[in-house]
Amino acid sequence: MARIRVLVVDDHRIFAESLAAALAAEQDVDVSAAGSGPAALRAVERAAGEGRRYDVLLIDADLGTVGADGVRVPPQLRGQGPGPDGQGAVAESAVDGISLVARVRAGHPGVRTVVLAERDDPRRAAAALQAGAGGWVAKDCSLSRLLAVIRGVLRDETHLPPALLTGVLRELTAARKHRTESERLVESLTPREREVLRCMVAGLGRKAVAERLYLSPHTVRTHMQNVLGKLGVHSTLAAVALARRAGVGPVDLAGDVVERGGQLA
């Protein structure tokens with residue numbers, strides 16, 4: 001009998017251990033539990049390295065909202081590792097559920113993910129599907145329902161509660177429309193302006209961009225102002241958010257710069 005390897009990821013220890021115990025009673029399921037996003041990522045990497053990859057991760061939708069020391073992690077810090085004070089207790093849980101889905105999908109595309117939620121939320125469910133999740137399931141669903149979803153996602157099925165379907169489709173349609181508009185705006189940039197935008201996405205300041213692209217700070221400032229104007233935004237943060245919606249990734253900080261001087265200016 002082929003066994004299904006499942007990892008329950010939830011920072012509520014009692015829930016995680018109870019769910020793991022219930023799943024372990026199934027003859028074809030091997031199950032483990034992790035109490036945070038970083039712990040889950042370590043478990044996934046370790047299992048893959050040992051040739052016993054997990055098949056499905058069950059991920060708490062609210063993962064990472066509270067640190068291991070009971071401190072609530074601000075949304076802007078989730079998924080970014082250490083908190084502002086560098087305390088490991090907060091950092092350990094600072095990967096939220098949706099971010100974990102995306103990171104697992106990027107690093108281990110063969111591993112399926114299912115998000116467990118305490119409440120219906122069309123926007124977050126749509127975000128989970130966009131990140132690569134195969135399903136969104138209520139935490140209080142029956143064990144038989146959860147097992148059906150686990151087996152379904154292994155067949156590349158997508159599972160959503162019927163009550164969420166209309167809202168999720170609406171969110172996905174709106175996101176696609178927003179992305180299309182963002183892509184149109186990015187396409188209006190010159191090649192050099194797009195390179196500057198990628199540097200901005202990577203978090204580089206004006207001086208660092210100037211050094212990387214062999215331009216003067218004044219020229220970089222002009223390019224940045226042009227980028228903001230063409231994108232119709234008023235801050236670097238807004239420009240970066242729009243760029244991400246358009247699928248613009250950060251410049252490769254480890255790579256060599258090909259464009260030099262004013263070739264693309």
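Things worth noting here:
- Accessible surface of region 1-41, 1.4 Å probe, proportion on carbon and sulfur as whole %: 56 percent
- For ASN226, net neighbour charge (Lys/Arg +1, Asp/Glu -1) across residues whose Cβ lies under 13 Å away: +2
- Neighbour net charge for GLY167 - beta-carbon separation under 9 angstrom, K R +1, D E -1: -1
- Net +/- balance of residues flanking ASP28 in space, Cβ distance below 13 Å, scoring K and R +1, D and E -1: 0
- Heavy-atom accessible area per residue - region 91-166, 1.4 Å, Å²: 45 Å²
- Per-peptide packing, taken as the mean over residues of other Cβ atoms within 10 Å, places 40-52, 116-128, 217-229 in the sequence 116-128, 217-229, 40-52 from highest down.
- Accessible area per residue, Å², region 173-228 with all protein chains present, probe 1.4 Å: 55 Å²
- Residues in region 137-152 carry Karplus couplings, in order, of 10, 5, 5, 9, 6, 6, 4, 5, 5, 4, 5, 5, 5, 4, 5, x Hz; the curve used is 6.51 cos²θ - 1.76 cosθ + 1.60 with θ = phi - 60°, and Gly or Pro positions show x.
- Solvent-accessible area assigned to carbon and sulfur over region 207-248 amounts to 57 percent, based on a 1.4 Å probe.
- When the Cα convex hull of region 18-57 is projected onto planes of every orientation, the mean area is 3.0 nm².
The values are calculated or read from the model by the stated rules, or taken from the named source; none is laboratory data. Since the model is a prediction, treat every value here as computed from it, not as a measurement. Reconstructed Cβ throughout: ideal geometry from the backbone, glycine too, with neighbour counts over all protein chains shown. The accessibility values were calculated without ligands, DNA or RNA, using every heavy atom of the protein model including side chains. Shrake-Rupley method; radii C 1.70, N 1.55, O 1.52, S 1.80 Å.
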